[in-house]
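Engineer: Once you've had a glance at the structure underneath, I'll fire off some questions.
Derivation of every value follows stated rules applied to the coordinates shown; laboratory data play no part. Just so you know, these numbers come straight off a predicted model, no measurement behind them. Don't worry about glycine lacking a Cβ; one is built from the backbone with ideal geometry, like all the others, and counts go over all protein chains shown.
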Amino acid sequence: MTSTALNLNYLQAKKGIFSWIFSVDHKRIGLLYLYSLITFFLVGATLGVLMRLELLNPGKDLFEAQTYNQIFTMHGVIMIFLFIIPSIPAVFGNFFLPIMLGTDDVSFPRLNLLSWWIYIIGAIMALSTLLFGDGPADTGWTFYAPYSVKTGTNVTMSVLAAFVLGFSSILTGLNFIVTIHRLKTPGMTFLKMPLFAWALYATSWIQLLATPIIGITLLMIVAERVFGVGLFDPSIGGDPILYQHLFWIYSHPAVYIMALPAFGIISELLPTFSNRTIFGYKAIAFSSLAIAFVGYFVWGHHMFTSGMSGPARIIYSIMTFLVAIPTAIKVFNWVATLYKGSIDVQPPLLYALGFIFQFMIGGLSGLVLGALATDIHLHDTYFVVGHFHYVMFGGTGFAFFGALHYWYPKIWGRMYNKLVANIAFFILFIGFNMLYFPMMIAGLMGMPRRYYDYLPEFHLPNMISTFGSWVLAIGLLLMLGNLIAGFRRKREKIARNPWGTGITLEWQTLSPPPVANFDRMPVLPKDGPYDYDHKPEIKE
Amino acid sequence: MEHTSAFSLPNSGHNRDAEASKMGMWLFLFTELLLFGGLFIVYMVYRSLNPESFLLASFELDVAMGTFNTVVLLVSSMTIAMSITAIQTGNAKKSIFLLYTTLGLAIVFLIVKYFEWSAKIHHGLFPGFEVYDNLPPGESLFFFLYFFMTGLHALHIIIGGIIISVVIYRTKKGLVNKEKYTLTENAGLYWHLVDLIWIYLFPLFYLIH
Amino acid sequence: MSHTKDNLPKEEQVHITSYKDHFSTLIALLLLTVITVVISVFGANLRSLSVFTALLIATVKVIVVAYYFMHLKYDKKIYTWLVLIVAILFVSFAVLTSIEYLNR
């Protein structure tokens, strides 16, 4: 019933680099993001491995303290602003949100392309500090005043880069909100939307409403550096704690920009590989909104030891514990989804299970930090570093890899070697836990973060941690190598629904999808997006 | 099947969707509000820490000029709202005239602002001048916030002016007309936002007596 | 294709505000401006009151602009809700921050 022109998939439709970098097709823009993100991720990961090498033994191993400071700042800026904030929304959100909603593009396709270009400009600005000016910033990715307004390194450029990247994030969020409101296929209501779309909806609101605050704060840092006024410098009347307030008003909700889309991914993976409906659809959908909302009011828990007032600390601590409720609701629902499902252990599911395990450790250690008394002991120790990486890398990072393995056949119309993918997962999993768990122990023992040297009693955990970083690096290379090798495997026709049990709309179209996303009208399951009892039959 | 030759989805991102454009504009306005919101929080904190200095410093500002500019912006808000009424009723000529009026008022606002700023700079109340550097911390913060916030606001006036010029151009070309006037509406929304921010800036800087 | 190229359903009636209504709105806004200036310039002995009243009047003005000029009155209710949520969010930021400063 379809002509050949319609079967032309989005990868073949046009050739040449310009057909990609100026494409307004959301699928191509998603891939543009993917390739740029992976590049920056590898740069950031290399910096991370270098830091671990320096910390293998006490004392100076590889570089000067100043160089170490610049490396961990660069690692943070790249991983936070260039990788993990855009990660899942920009890649998989762009690619799959319109398909899951049953439409052919986002509401503002050209704005979407613009946001990728802004991202690239911001990335170039961030990386340019390596080559130009007085060296990359040495402040840590938080750019805390007053040091950030006084240090001689090129903080101005790094800060402007973060400002520009914020615009890209805002535009993506804006685009998704309007798309979700306006372009759902007829018959799909908010409560019949896939949970990934719900997660993106909540995330987009945070991107939209929190990012401007950091934008203006970073501009104030620049103004302070250029004009030398006392906005945040206490020696000329400013208040550095005000900077911390403004910074965390954005940067705490930003943690949910990083985490919520990952929750959405997990909520997609589990029904597919358990071959049954998700448990507690509404609970998962609304808890995303609840996390997004409550998450706005907990920023003070980053500042318990900054000299904040007592009553404020108590308020922030209570609010922090409140966020744990909707998050736990999600975890319980995921586990309940697996219960009595007919589980098909495939590489994406392994990543989802790894996510649940690691995210639990990350989340629960977060409560330890959210409690006032324990935080005094653990603030600015390696416990925080461990906690943060468990949530961000063990959580969002693993969800990102899981999504990559899940949608790989849909995106490229190829398949990777599943055995190698499984092996790579286990190496990654072992390496990850070896790298970050000892950090928590070192933190409990009292090792402070952001130092290039440490006392001899912290040697053992640091050694294990560095060995872990090597295992993790091997796992990463094997995983990426396997995915890249997948492109070169003999071309086989990939079915519309290669996992057999996918139920959301992207599995009803061709793999890879045609330019207009669908070659025939997608059919919605009768009762909600995960209605496995009335699964629409998918003809090839 | 009804789609024999070509298949197209009922809801397409490539369709013209006036409601989506309006929603996008509102969402963008929210980001603008919070951008200024961050500055208002800074203002609030420093004013509560230095109430006397802020009071003293605010006497340097010219209430008459501030009031004049407030009236200018309010009138311009009305003219751009009227230009939407005009285009909705199919009177493109009147719409263009009202848009030109708005643009003219924007320029008047900027000229007044220019005189205000240059008077302050003439008195050395700008970072880098000796007078400014010797001010007590509270007062120097007040003046810096004054320049930063009204400066950012003025930048928005300039951007608004550019947007209005685009609307005028497209209305002249007939691309904005009785059926398609989303661009005029969105320009109006943006212009009203500039007005909204000024409504708060005015009492906070000029009227703390 | 017979598909409509407009996603906007046809039954949505567009409300056109009259010039007279716009003019009345302006008069209201100008009156409020006069009140603020008069209070602040001539009521200097009411200092503690004036910050509050100035902000209150400014907020009334903002509501008038948003409601009539920005068409919230005639738009879908969702826009009013969104504006309210954003306003609440900003006020909470300001309140939470000031709680900390007031208790130092």
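Engineer: In the range A:331-411, which helices (runs of 4 or more DSSP H) lie fully inside it and hold 2 or more residues that are under 22 Å from the mean Cα position of the chain (by Cα)?
Structural biologist: A:347-370, A:382-391
Engineer: Now for a separate question. Yes or no: A:Tyr452 outside any helix (DSSP H, G or I), hydroxyl-bearing (Ser, Thr, Tyr) and touching an Asp or Glu at 6+ places or on another chain (Cβ under 8 Å)?
Structural biologist: yes
Engineer: Then there's this: For the list (1) assigned to a loop (DSSP other than H, G, I, E, B); (2) touching a residue at least 60 places away in the same chain (Cβ under 8 Å); (3) buried (at least 19 other Cβ atoms within 10 Å of the Cβ), I need the number of the one condition that A:Asn497 fails.
Structural biologist: So the condition that A:Asn497 fails would be (2).
Engineer: Could you tell me whether the range B:168-177 includes any residue that is surrounded by fewer than 21 Cβ atoms within 10 Å (Cβ to Cβ), in a helix (DSSP H, G or I) and within 14 Å of chain A (Cβ to nearest Cβ)?
Structural biologist: The answer is no, given that none of the residues of the range B:168-177 is surrounded by fewer than 21 Cβ atoms within 10 Å (Cβ to Cβ), in a helix (DSSP H, G or I) and within 14 Å of chain A (Cβ to nearest Cβ).
Engineer: Restricted to the range A:276-297, and to residues that are away from chain C (no Cβ under 14 Å) and either under 19 Å from A:Ser251 (Cβ atoms) or of a type outside the set (A, V, I, L, M, F, W, C) (or both), which residue is surrounded by the most Cβ atoms within 10 Å (Cβ to Cβ)?
Structural biologist: A:Ile291
Engineer: Let me ask another. With the condition kept exactly as written, say whether any residue in the range B:19-30 is over 21 Å from the mean Cα position of the chain (by Cα), part of a helix (DSSP H, G or I), more than 8 Å from chain A (Cβ to nearest Cβ) and farther than 16 Å from B:His153 by Cα.
Structural biologist: No, the range B:19-30 contains no residue that is over 21 Å from the mean Cα position of the chain (by Cα), part of a helix (DSSP H, G or I), more than 8 Å from chain A (Cβ to nearest Cβ) and farther than 16 Å from B:His153 by Cα.
Engineer: Applying the selection to the range A:61-98, what residues are buried (at least 24 other Cβ atoms within 10 Å of the Cβ) and either closer than 18 Å to B:His14 by Cβ or more than 20 Å from the chain's Cα centre (by Cα) (or both)?
Structural biologist: Result: A:Asn94, A:Phe95, A:Leu97, A:Pro98.
Every residue, every condition in (1) aliphatic (A, V, I, L, M); (2) under 18 Å from the mean Cα position of the chain (by Cα); (3) not in a loop (DSSP other than H, G, I, E, B), yes or no:
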site: A:Trp117; (1), (2), (3): no, no, yes
site: A:Gly122; (1), (2), (3): no, yes, yes
site: A:Pro136; (1), (2), (3): no, no, no
site: A:Tyr144; (1), (2), (3): no, no, no
site: A:Ala162; (1), (2), (3): yes, yes, yes
site: A:Ser169; (1), (2), (3): no, yes, yes
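Engineer: Sticking with this one: Name, by its number, the condition in (1) more than 30 Å from A:Ile236 (Cβ to Cβ); (2) within 12 Å of another protein chain (Cβ to nearest Cβ); (3) surrounded by 22 or more Cβ atoms within 10 Å (Cβ to Cβ) that does not hold for B:Ser140.
Structural biologist: All conditions are met except number (1).
Engineer: Residues of the range A:522-534 being farther than 17 Å from A:Leu195 by Cβ and either among the charged types (D, E, K, R) or free of Cβ contacts under 8 Å to residues at least 12 places away in the same chain (or both), which ones?
Structural biologist: Matches in the range A:522-534: A:Lys526, A:Asp533, A:His534.
Engineer: B:Gly66 - would you say it is more than 7 Å from chain A (Cβ to nearest Cβ), touching a residue at least 24 places away in the same chain (Cβ under 8 Å) and not in a helix (DSSP H, G or I)?
Structural biologist: Against the criterion (more than 7 Å from chain A (Cβ to nearest Cβ), touching a residue at least 24 places away in the same chain (Cβ under 8 Å) and not in a helix (DSSP H, G or I)), B:Gly66 does not qualify.
Engineer: Separate question: Looking at (1) surrounded by 14 or more Cβ atoms within 10 Å (Cβ to Cβ); (2) not in a helix (DSSP H, G or I), can you tell me which one A:Ser465 breaks?
Structural biologist: Going through the list (1) surrounded by 14 or more Cβ atoms within 10 Å (Cβ to Cβ); (2) not in a helix (DSSP H, G or I), A:Ser465 breaks only (2).
Engineer: Let me ask another. Name the single residue, out of those in the range B:69-80 being among the polar types (S, T, N, Q) and more than 7 Å from every other protein chain (Cβ to nearest Cβ), that is farthest from the chain's Cα centre (by Cα).
Structural biologist: B:Thr79
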